Amino acid sequence: MKTKILFLSAAMLGVLAPVASAQQGTVNGAAGGAVTGAIIGGPVGAAVGGVAGAVAGTAIDPPPERVVTYVEQAPAPASPVVIKEKIVVGKPIPETVVLTPVPDSPKYAYAVVNEQRVIVDPQTRTVVQVVR
């Protein structure tokens, strides 16, 4: 039985490895969850653990405090932006929203949408944090 578990764990890692360069956090979470699940619950545990690990692996790191402080204190744009979609951390912001770069932090931009200041990854337009 242990040989079967080890084989399944190795197979899961082998299947997930090519994706690692594209989505490192998700793969690490999925592979780790699959191995842990396999050890605890066999093949079914591997599947459940892989899904749970993938979800945990996609968690978004919060921006540095200096970025949050800058966005809190930056002047709001002259014309407010209102969209129908709800602003959700981890989801992309619509292309119609103009992003303002955060000086000295090219990994971050911000916008004021629906009267909320949001910090965004400018490359993916993914909301990183909603500033309260």
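Using the Karplus curve 6.51 cos²θ - 1.76 cosθ + 1.60 with θ = phi - 60°, work out ³J(HN,Hα) for each residue of segment 105-122 in order, rounded to whole Hz, and write x for Gly and Pro.
Rounded to whole hertz, the list is 9, x, 6, 9, 9, 9, 8, 10, 10, 6, 6, 10, 8, 10, 9, 10, 7, x.
Tell me, what HN-Hα J-couplings in whole Hz come from the Karplus equation 6.51 cos²θ - 1.76 cosθ + 1.60 at θ = phi - 60° for each residue of segment 94-102, using x for Gly and Pro?
x, 4, 6, 7, 7, 9, 10, x, 8
Whose amide H sits under 5 Å from the amide H of Thr126, counting only residues 5 or more places off or on another chain, with H placed in the peptide plane?
Amide H neighbours of Thr126, under 5 Å, 5+ apart: Ile93, Asp121.
Sorted by mean Cβ packing within 10 Å, highest first, what order do the peptides 59-67, 106-114 take?
Packing order, densest peptide first, comes out as 106-114, 59-67.
Bear in mind these aren't lab numbers, they're just calculated from the coordinates by the rules spelled out. Keep in mind that what you see is a predicted model, and the values were worked out from it rather than measured. With ideal geometry, Cβ positions are generated from the backbone for all residues, glycine too; neighbour counts draw on all protein chains shown.
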